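Trainee: Dropping the structure in here first, questions after.
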Amino acid sequence: MHPELDQAYQKIDRQQKRLDKLEAEHSALRKELAGIKEKLHQQPKVLPTFVKVNVPQDKPRLRPGRKVGHAAAFRPMPEKIDEHIDVPVPRDATGAACCPHCSVQLAEVEQHDRIVEDIIPAKVIARCYHTISGYCPGCRKRVESRAPEQPPAVDLPHGQIGINALATAALLRVQYRLPYRLSTQLLADLPGLTVSPGAVTKQIRRMSQWLEGEYNRLQVFLRCAPAVHMDETTWRVNGINQWLWTLLDDQHTLFHIDKSRGQRVVQKLLGEVFGGVLVSDFYCGYSKLSARKQKCLVHLLRELKEASVKSPVFGKGSFRRRLKRLLKEMLLLKKNKPDMEVQHYQHRGKQMEKRLKELAQQRWDEPHADRLAARLRKHEKELTVFLWDDAVDGTNNAAERALRSAVVMRKITGGSLSERGARATAVLMSVLRTCRQQNRPLFETIRTLL
């Protein structure tokens, strides 16, 4: 055989063997890829944190409104009728009532009273207050007369914004969380008041200065309260992250924006000597306060759930099950306290304190259980205060609810553009939420305070 032909056949054989090897590797890789795809398909899809999980379609949905069998709820009738308006129908030559569409006489004519509640369209009213001013030697300053519905006087090259408009702007911004530009558009569309967003910003800062006295009184009331709730969240000031603190009881709420999240803010708001009980989460900034404390049990329940997701071993362990049952029993016991005898309640409360101490003192092999047991030991005396004090709640839900509207406002508006604007926001939010807690009308209360 020719040598060159023999070499060509040998080369073909080598190429064929290499091709067979590559085909085998390709087939193995395709099988491996198919297995990986199947595993990924079986695993639950991980959604981004900003995407909410779809509600299962087989989950029973709650019907809106009251339950079946409950009496219907209607708006109350107005206490008085401000205006009576007769609405006649056309009459024919004989004086009989006719149809307004075809002029045929009506049969079985009846009279009706249709009560309608409506609002009067707002309009801008320009007033000129003729005031008198003079220097007072006793006060050592210049004083000026002021009408009850007149805002504090100031020398401007244009007209001032009245108290009604100021109160409306404050409600739109703080209570209903509208940006300044939308607030000015609403004032222009409804009453026809032309004002720039910058003017509204400046006037809201002035309003907060007028309400500083009311803000300070809120702080005094809370420092004297038997129990207060406290929490904090982030707040942007001119693009810089700061902290929005809230301090409240069942009748008063105080907001404070600060650069720090440290314990000095807690002492600044509560004072050096606080005789009540502070309800909070487990953040270490509250730990060094000398006052009595109650830690939020819902935060513990929430952490038990999160730790169960991270560690299935912890989720199946006895520590999670026993602590979860105990915390829920403690909250239920406090809820049923008014219907229980004193001795029976005290006996159940002492039993629960004993069970809590046993859980805390026991050593656990699972890391999450050991970590949470150490927390129970550290805050042992701060987990059951609410069982023995009627004014204390076992959760910090009140503070979280107070911050919820502020968080929504932060997401809509982006926070504050200056330190003065942040202070104005804190003052107005404090006053308005306190009015809500006391069931006082917001608009009239703001007008009165101004």
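The values are calculated or read from the model by the stated rules, or taken from the named source; none is laboratory data. What you see is a predicted model; the values in this text were computed from it and never measured. Please note: Cβ atoms are built from the backbone with ideal geometry, for glycine as well, and neighbour counts cover all protein chains shown.
Trainee: Does any residue of region 303-326 turn out to be acidic (Asp, Glu), free of Cβ contacts under 8 Å to residues at least 12 places away in the same chain, assigned to a loop (DSSP other than H, G, I, E, B) and surrounded by fewer than 17 Cβ atoms within 10 Å (Cβ to Cβ)?
Mentor: no
Trainee: Answer yes if at least one residue in region 246-258 is in contact (Cβ under 8 Å) with a residue 60 or more places away in the chain, part of a strand (DSSP E or B) and over 26 Å from ARG440 (Cβ atoms), and no otherwise.
Mentor: No, region 246-258 contains no residue that is in contact (Cβ under 8 Å) with a residue 60 or more places away in the chain, part of a strand (DSSP E or B) and over 26 Å from ARG440 (Cβ atoms).
Trainee: A further question follows. Does LYS334 qualify as being under 15 Å from VAL385 (Cα atoms) and of a type in the set (Lys, Arg)?
Mentor: Yes.
Trainee: Being more than 17 Å from ASN396 (Cβ to Cβ) and in contact with a helix residue (DSSP H, G or I) (Cβ under 8 Å, 6 or more places away or on another chain) is the filter here, so list the residues in region 264-280 that pass it.
Mentor: GLY271
Trainee: Under 9 Å by Cβ, and 6 or more places apart or on different chains, what pairs join a residue from region 89-108 that is in a loop (DSSP other than H, G, I, E, B) with one that is among the polar types (S, T, N, Q)?
Mentor: PRO90/SER103; ASP92/SER103; ASP92/GLN105; THR94/GLN105; ALA96/GLN105; CYS99/GLN105
Trainee: Now for a different question. Search region 253-267 for residues being within 14 Å of SER430 (Cβ to Cβ) and of a type in the set (A, V, I, L, M, F, W, C), and hand back the single one that is surrounded by the most Cβ atoms within 10 Å (Cβ to Cβ).
Mentor: Of everything passing the filter in region 253-267, LEU254 is surrounded by the most Cβ atoms within 10 Å (Cβ to Cβ).
Trainee: Hey, among the residues in region 291-302 that are of a type outside the set (Lys, Arg) and in contact (Cβ under 8 Å) with a residue 40 or more places away in the chain, which one's nearest to HIS379 (Cα to Cα)?
Mentor: For region 291-302, the residue satisfying everything is GLN294.
Trainee: List pairs: first residue in region 51-77 and part of a loop (DSSP other than H, G, I, E, B), second residue among the basic types (Lys, Arg) anywhere in the structure, Cβ distance under 8 angstrom, at least six positions apart or on different chains.
Mentor: Final answer for the pair search is ALA72/ARG66; ALA73/ARG66.
Trainee: If you go through region 183-210 one residue at a time, how many are in contact (Cβ under 8 Å) with a residue 40 or more places away in the chain, surrounded by fewer than 17 Cβ atoms within 10 Å (Cβ to Cβ) and among the hydrophobic types (A, V, I, L, M, F, W, C)?
Mentor: Matching residues across region 183-210 total 2.
Trainee: Related question: Hey, any hits in region 373-386 for a residue that's modelled with pLDDT of 90 or more, small (Gly, Ala, Ser) and either outside the structural domain of GLY276 (by TED's automatic domain parsing) or under 30 Å from SER430 (Cβ atoms) (or both)?
Mentor: Within region 373-386, not a single residue is modelled with pLDDT of 90 or more, small (Gly, Ala, Ser) and either outside the structural domain of GLY276 (by TED's automatic domain parsing) or under 30 Å from SER430 (Cβ atoms) (or both).
Trainee: Only one of ALA167, ALA227 is surrounded by 12 or more Cβ atoms within 10 Å (Cβ to Cβ) and at pLDDT 90 or above; which?
Mentor: ALA227
Trainee: Condition check: part of a helix (DSSP H, G or I), among the hydroxyl-bearing types (Ser, Thr, Tyr) and out of contact with any Leu (no Cβ under 7 Å at 6 or more places or on another chain). Does THR201 satisfy that?
Mentor: yes
Trainee: Looking at region 233-244, is at least one residue under 24 Å from TYR286 (Cβ atoms) and in contact with a Phe, Trp or Tyr (Cβ under 6 Å, 6 or more places away or on another chain)?
Mentor: Yes, the conditions are met somewhere in region 233-244.
One line per residue, one yes/no per condition, for (1) surrounded by 14 or more Cβ atoms within 10 Å (Cβ to Cβ); (2) in a loop (DSSP other than H, G, I, E, B):
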{"site": "LEU356", "(1), (2)": "yes, no"}
{"site": "TRP364", "(1), (2)": "yes, yes"}
{"site": "LEU376", "(1), (2)": "yes, no"}
{"site": "ARG410", "(1), (2)": "yes, no"}
{"site": "ALA424", "(1), (2)": "yes, no"}
{"site": "CYS435", "(1), (2)": "yes, no"}
{"site": "PHE443", "(1), (2)": "yes, no"}
{"site": "THR448", "(1), (2)": "no, no"}
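Trainee: Can you name the residue in region 66-79 that is exposed (fewer than 10 other Cβ atoms within 10 Å of the Cβ) and within 11 Å of ILE115 (Cβ to Cβ) and is also modelled with the highest pLDDT among such residues?
Mentor: Among those residues, the one meeting the criterion is MET77.
Trainee: Can you name every residue in region 82-102 that is aliphatic (A, V, I, L, M) and either more than 30 Å from ILE120 (Cα to Cα) or surrounded by 10 or more Cβ atoms within 10 Å (Cβ to Cβ) (or both)?
Mentor: VAL89, ALA93, ALA96, ALA97
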